[in-house]
1. Counting helices only, and only those DSSP H runs with n ≥ 4, report the 222 nm mean residue ellipticity of the chain as the sum of -39,500 (n - 2.57) divided by its residues, in deg cm²/dmol to the nearest 500.
2. About the Cα centre of the chain, how large is the charge dipole given +1 on each Lys and Arg Cβ and -1 on each Asp and Glu Cβ? Please answer in debye to the nearest 20.
3. Could you tell me which of A39, P2, I169 has its Cα farthest along the dipole of the chain towards the positive end, charges placed at Cβ (Lys, Arg +1; Asp, Glu -1), taken about the Cα centre?
4. Could you tell me which GluC sites (Glu not before Pro) in region 152-188 are loop residues by DSSP with no more than 13 other beta carbons within 10 angstrom of their beta carbon?
5. What residue among S137, V185, Q206 has its Cα farthest toward the positive end of the dipole of region 114-271, where the charges are +1 on Lys, Arg and -1 on Asp, Glu, each on the Cβ?
6. The chain: percent of C-alpha pairs farther apart than 25 Å?
7. In nm, what is the difference between 0.36 nm times the number of residues separating E184 and Q244 and their Cα-Cα distance?
8. Using the charge dipole of region 5-269 (Lys, Arg: +1 at Cβ; Asp, Glu: -1 at Cβ; taken about the Cα centre), state which of H55, Y249, V80 has its Cα farthest towards the positive end.
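Values quoted throughout were computed directly from the atomic coordinates according to the rules given, and no laboratory measurement underlies them. Note that this is a predicted model, so its numbers are computed, not measured. Don't worry about glycine lacking a Cβ; one is built from the backbone with ideal geometry, like all the others, and counts go over all protein chains shown.
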Amino acid sequence: MPHTFNVEPGSKVKLADYDPRHTNGIERAQAETEFAALAQEIDDLQELLYAAGSHSLLVILQGMDTSGKDGTIRNVFGLVDPLGCRTESFKVPTAEELAHDFLWRVHKVTPGRGELAIFNRSHYEDVLVVRVHNLVSESVWRKRYRQINDFEHVLAEANTIILKFYLHISKEEQEERLLAREQEVEKAWKLSAGDWKERQFWDDYQRAYEEALSQCSTEAAPWHIVPADRKWYRNFAVAHTVVQTLRPYKEQWLAKLAKVGDEAKAELAAMRTSSQPE
Ligand code: ADP
C-alpha cells in the first residue's frame, strides 16, 4: 500500500484535497519501527546501486519554506554511505547561471551511473518562485513544464530512476515552525525575515505547485505528494516510497554483480595460469 499520494500523469492536482496531517491509519510507534528498517534497507539498496553501476538515482525534494526538506534528507538518507551519495541545493541563481538556460546548472549535477543525488530544491523553482514573483514573463515560464518533462525524459532514458517528493504542509504548521525557530536557540540560525515575507504569497505558491505537479508528473518521473505536518509520518512515507521504487531493481543489480564477480575471477584464474612457469 502506498503511503504517499502518487500523482497520476495527466491528472489535475488540487492541494486542498490532500490533508497534510494524513497518516494513513498508522500509529507513530509502528511507523517509527518500520522506518528504522526502511532506512537500513535504503542503505543496502544504495550500496547495490553503487556496486552494479547501471542506474542512477535522482531524488527531488520540493516544498514550502519549513516543509522539512533538510530534515527528510538527514533522516531518510542518514545511514547511506556519504561516498555514494551527494546533496545539491539550488539557491538564487548566480549571474553566470542566469546567463544560461535554466537547466544548465541542474544538468551538470545530475547523478552519474551508480550515484545517488538528492536535490534540495531543483529546476522546479523555475516554475515556482520565478512564476510567483514574475522573474520572467509567462511566455517563458509556461514553456518550462514541457522543457522539464523533456529533460527528465532524457535522464530516465539514460537509466536514471527519478523520484519527486512534494512535502505538503499546512499554513498553520508553517506558522508554528517559523515561530519555533524564534524560540529555540539551535534553530534560530535558520531564521529569515524572507520566510515570513514569502508566506504572504502562500496561495500563489500553492497554485504554482498545483500546476507543476499536474503538468510534470510522468510515468518516468512521477510526483509524490507527502503529508508532511507530522515529521515522523513524512520520514516514514518518503522512506517507504524510496524502498518500493528500488526493490524491483534488486535482482537485476545482484545478477550484474555476480556476473562482474565471475568475470573478475576468470580473469584472475587466466592470469595465474599464464604466469605459471613451464
Ligand atoms: P532553503 O530555504 O532551501 O533552506 P535558502 O534559504 O538559501 O535555502 O533558500 C534558497 C532560495 O533560493 C529560496 O528562496 C528559493 O526560492 C531561491 N531559488 C532557488 N532557485 C531559484 C531560481 N531558479 N530563481 C530564483 N530563486 C531561486
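1. Values: 11 runs with 140 residues, N = 278.
Estimated from H runs of four or more residues: -16000 deg cm²/dmol.
2. Details: 35 positive and 44 negative charges, 55 e Å.
Approximately 260 debye in magnitude.
3. Of the options given, the answer is I169.
4. Numbers: sites: E152, E157, E172, E173, E175, E176, E182, E184, E186; in loops: E184.
Answer in residue order: E184.
5. V185
6. Details: 19448 of 38503 pairs.
Value for the chain (Cα pairs over 25 Å): 51 percent.
7. Values: separation 60, 0.36 × 60 = 21.60 nm, distance 3.61 nm.
Between E184 and Q244, full extension yields an extra 18.0 nm.
8. H55
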